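Participant: I'd like to ask some things about the structure below.
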Amino acid sequence: MISLLNTQQNLSISLLCKIANVSKSGYYTWLNRKLSDEDVKLHNLIKYIFWKAKGKFGYRRVTMELKRNYNLDINCKKVFRIMKNEGLKAVIRKKYNSSTHVLAQRKNETWTIAPNILNGNFNYDKSETIYSTDVTYLFLKNGKRFFLSAIKDLATGEISAFSLSYKHNIDLILDTLNKLNPKENSILHSDRGALYTSFRYIQKLKEMKMTRSMSDAAKPTQNAPIESFFGHFKDEVEYKNCKNFKELKDKIDGYVYYYNTSRYQWNKKMLTPNEVKEYLDSYKCCPF
């Protein structure tokens, strides 16, 4: 900053140091500083992790990789500073357009709407009891369109079931449910989309002894866990170049396996979903 102001305004270094409340000797020490060999290695490792992920890792993901895979006890703020200095900035996902969500909603009879049981609380310590579900569109460059339905376990972060289809219909939702193995009296949270208010969906959950929960109208953030998964998938997987259903399905299969077994979760002590599930099932308590 001092060097920039000096270049643009032609102000003296002494005056600028006084304004910035730093010593002149301290400024020159900072200006002429050299990274130690260890710092150079750390910078290079961070760059390696960032570019290996094709520039899609933010500082939290990089920090988790350093801690879990390289056994480095490093503060995320330091990683943030290094990435900023190196010009490493992850792609920021576009914000969800809630107005589009509102327009897309269909008016339903009162009996088809379930109460919002979760009410924005996504922290639970029993696996296979509280889930979040939704459907997302997947557009390929060749013009083909597919629909991905998924169900996420909120206690572990695991993707417990998913299904891919050419069509956005109730069969897609039911196929996903058929792959789920929930405990009795578990809860499945969704938005108020037409498929989740349909008679067949309601009956299916009754057969499975599951309780419905729904987001409030025009509140897409109340189903944030599953939306987060869809966002990560679209950010991290080069799926648009797939040519057909099989190629896309293979990409999704591979990513879900990676997501459940190898993708660390910042808000769950940097554990993978499978690690959290194993802990909860073994010790019957939350590790974080």
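Participant: Looking at the stretch 40-67, which of its residues are open to solvent by less than 80 Å² (accessible area, probe 1.4 Å) and under 15 Å from TRP266 (Cα atoms)?
Facilitator: Listed by number, the residues that qualify are PHE57, GLY58, TYR59, ARG61, VAL62, THR63, MET64, GLU65, LEU66, LYS67.
Participant: Something else now. What's the total number of residues in the stretch 68-81 that are open to solvent by 60 Å² or more (accessible area, probe 1.4 Å), aliphatic (A, V, I, L, M) and in a helix (DSSP H, G or I)?
Facilitator: The number of residues fulfilling the criteria is 0.
Participant: Of the conditions (1) under 19 Å from LYS209 (Cα atoms); (2) buried (at least 18 other Cβ atoms within 10 Å of the Cβ); (3) over 20 Å from the mean Cα position of the chain (by Cα), LEU172 clears all except one; give me its number.
Facilitator: Of (1) under 19 Å from LYS209 (Cα atoms); (2) buried (at least 18 other Cβ atoms within 10 Å of the Cβ); (3) over 20 Å from the mean Cα position of the chain (by Cα), only one is false for LEU172: (1).
Participant: Could you list, in sequence order, all residues of the stretch 139-150 that are more than 16 Å from TYR258 (Cα to Cα), crowded, with 21+ Cβ neighbours inside 10 Å and among the aliphatic types (A, V, I, L, M)?
Facilitator: Once the filter is applied, which keeps residues that are more than 16 Å from TYR258 (Cα to Cα), crowded, with 21+ Cβ neighbours inside 10 Å and among the aliphatic types (A, V, I, L, M), the stretch 139-150 yields only LEU148.
Participant: Also: When the stretch 227-269 is examined, which residues are found to be of a type in the set (D, E, K, R) and under 13 Å from the mean Cα position of the chain (by Cα)?
Facilitator: Selection gives GLU227, LYS234, ASP235, GLU236, ARG263, LYS268.
Participant: Kindly indicate whether ASP134 is open to solvent by 70 Å² or more (accessible area, probe 1.4 Å), over 17 Å from ASP253 (Cα atoms) and touching a helix residue (DSSP H, G or I) at 6+ places or on another chain (Cβ under 8 Å).
Facilitator: no
The values are calculated or read from the model by the stated rules, or taken from the named source; none is laboratory data. Computed from a prediction, not measured in an experiment: that's the story for all the values here. In this analysis, Cβ positions are derived from the backbone assuming ideal geometry, glycine residues included, and neighbour counts consider all displayed protein chains. With ligands, DNA and RNA removed, areas are computed over all heavy atoms of the protein, side chains included. Shrake-Rupley method; radii C 1.70, N 1.55, O 1.52, S 1.80 Å.
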